[in-house]
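Some notes on the structure that comes next.
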Amino acid sequence: MDFSGQVVVADLEAGVGTLTRLGDAGVDKVLIIVEPTPKSVEVGSRAAAIVADKSLGEVVVVASRVQSDDDLAMIRKAFPDHQVVPVPDDPAIVAADRDGQAPLDTAPDAPAVQALTALAGDLLATA
Amino acid sequence: MRVAFVGKGGAGKSAISGTFARLLARRGHPVLAIDSDPLPGMAYSLGLPHDDAPLPDEAIEDRPDDEEGPRYRLRAGLSPVEAVERYAATAPDGVRFLQFGKVRTDPRALFRSQFAFRQIIRELPVDRWDLVGDLPGGTRQPFTGWGGYADTFLIVVEPMAKSLLSARRLARLASSGDRPVRVVAVANKVTEAVDAEHISRRTGLEVVAAVPLDPVFAAAERAGKAPLDAAPDSAGVQAVSSLVDRLEKEHPRMKVTP
Ligand SMILES: Nc1ncnc2c1ncn2[C@@H]1O[C@H](COP(=O)(O)OP(=O)(O)OP(=O)(O)O)[C@@H](O)[C@H]1O
Ligand SMILES: [Mg+2]
């Protein structure tokens, strides 16, 4: 398919299964979403290794559900060579999920949504 | 008792199954915890310091070309029971821990261990251990052989639209197999009294436990600790303890064969 002039955003299955099976088509950016927990950092690191191995695209680490500077520091430490973008832990996201609504519709000004809006702007400017 | 926890990604399968396994062991059951999720999870919630515990190469051999069957198998003379006794990790409270093997950049690195894992689960005698399983998130794997050992599927459901949808799919898949299984729901991250009732109505499943949204669970996760060690008296652990009580009544303790 020809997607030139369009933006394609793919939400992959949890974990790295899909990544290991992807061909080498490549993308502009691979966003690895990581929470400040050992489990999540471990999966994220494996994902980053696979992306590098297969030269799939440039990795941006999204540090999600960040509650404190320590949380962010833990993730930055695990990904010293990557851009790390924090998205705060935000009850508005959970509330939207409970209601089956898009956070962008129900809480466009919530801190997490703002962080994601800024990230989208950055990606459009650099990709 | 042979139970398997299933549910959408992030629903709480690992946190609950690991806690469940240890509490069951504390009541005197011989417990084998089975982690078939290639992503990290159950080891942490059991309180094991390492996540990765594949079966070692020495336990496994290639199938000779002139014999039928899977490519790799337990080495000759090593029974599934012996394999567990010798190679399964030992978690706190005496829980034995058997793992499918964690994702590697090269998936072939784990083929041998994974064949042996499947063989052990298939051939394990029913009266030796109570089995408590943590299955991968989503609806694809649990019923294509991965959860074949379970007589009871516990679907972990959050009171959220996506989780309910996923639970309904899982319930349908679980009941459509060729063997009779019991399928019930565990409501997790419950914040309102009506949540469990809501889950039962929307999934058509009996809700056998309601685990509250408990900040200490999330804190334990951040610290890489088992909820049972980080917060033994928390409301979340107590709810899992009630679940153990309930299932224990339905599946009385088996005799431990020495
Ligand atoms: N009752 C609860 N209260 C608060 N937090 C919880 C509760 N249960 C689970 N959690 C948190 O939710 C997150 C997901 O839990 P867990 O890893 O057990 O889910 P899972 O279903 O095994 O996920 P996966 O599909 O990724 O394996 C973890 O951070 C965990 O600490
Ligand atoms: Mg898990």
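Details
- For region A:60-127, the helices (runs of 4 or more DSSP H) that sit wholly inside it and include 2 or more residues that are within 23 Å of A:VAL7 (Cβ to Cβ) and not charged (D, E, K, R) are A:91-98, A:103-106, A:111-126.
- Any pair with Cβ under 9 angstrom, 6 or more apart, that starts in region A:100-113 at a residue that is within 21 Å of B:LEU164 (Cβ to Cβ) and ends at one that is part of a loop (DSSP other than H, G, I, E, B) and not hydrophobic (A, V, I, L, M, F, W, C): A:PRO103/A:ASP90; A:THR106/A:ASP99
- Residues satisfying the stated conditions in region A:16-31, i.e. outside any loop (DSSP other than H, G, I, E, B), within 14 Å of chain B (Cβ to nearest Cβ) and crowded, with 19+ Cβ neighbours inside 10 Å: A:LEU19
- Within region A:32-55, the set of residues being within 10 Å of chain B (Cβ to nearest Cβ), among the hydroxyl-bearing types (Ser, Thr, Tyr) and in a helix (DSSP H, G or I) comprises just one member, A:SER40.
- When residues in region B:8-27 are screened for being near ligand 2 (Cβ under 9 Å from one of its atoms) and out of contact with any Pro (no Cβ under 8 Å at 6 or more places or on another chain), 7 of them pass.
- Hits in region B:1-41 - residues which are of a type in the set (Lys, Arg), outside any helix (DSSP H, G or I) and within 13 Å of ligand 1 (Cβ to nearest atom): B:LYS8
- Tally, over region B:169-195, of residues that are more than 14 Å from chain A (Cβ to nearest Cβ) and surrounded by fewer than 24 Cβ atoms within 10 Å (Cβ to Cβ): 16
- Test: residue in region B:190-197 that is within 18 Å of the chain's Cα centre (by Cα) and away from ligand 1 (no atom under 14 Å from the Cβ): no
- Failed condition for B:ASP233, given (1) among the charged types (D, E, K, R); (2) within 14 Å of chain A (Cβ to nearest Cβ); (3) more than 28 Å from B:ARG168 (Cβ to Cβ): (2)
- Scanning region B:1-53 for residues that are away from chain A (no Cβ under 13 Å) and free of Cβ contacts under 8 Å to residues at least 60 places away in the same chain yields a total of 1.
- Qualifying residue in region A:68-75 (condition: surrounded by fewer than 18 Cβ atoms within 10 Å (Cβ to Cβ), under 23 Å from A:LEU124 (Cβ atoms) and more than 12 Å from every other protein chain (Cβ to nearest Cβ)): no
- Output for region A:82-121, where each listed residue is modelled with pLDDT of 95 or more, more than 17 Å from A:GLU35 (Cβ to Cβ) and among the charged types (D, E, K, R): A:ASP105, A:ASP109
This table checks each residue for (1) under 22 Å from B:ALA174 (Cα atoms); (2) touching an Asp or Glu at 6+ places or on another chain (Cβ under 8 Å); (3) among the small types (Gly, Ala, Ser).
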| residue | (1), (2), (3) |
| --- | --- |
| B:ARG26 | no, yes, no |
| B:ASP52 | no, no, no |
| B:GLU67 | no, no, no |
| B:GLY77 | no, no, yes |
| B:PRO80 | no, yes, no |
| B:LEU98 | no, yes, no |
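- Single residue of B:ALA218, B:ALA209 found to be within 20 Å of the chain's Cα centre (by Cα), aliphatic (A, V, I, L, M) and surrounded by fewer than 23 Cβ atoms within 10 Å (Cβ to Cβ): B:ALA218
- Positions within region A:36-63 being more than 16 Å from ligand 1 (Cβ to nearest atom), within 14 Å of the chain's Cα centre (by Cα) and hydrophobic (A, V, I, L, M, F, W, C), in sequence order: A:ALA48, A:VAL51, A:VAL59, A:VAL60, A:VAL61, A:VAL62
The values are calculated or read from the model by the stated rules, or taken from the named source; none is laboratory data. Quick caveat, the model's predicted, so the values are computed rather than measured. As a convention, Cβ positions derive from the backbone with ideal geometry for all residues, glycine included, and neighbour counts pool all protein chains shown.
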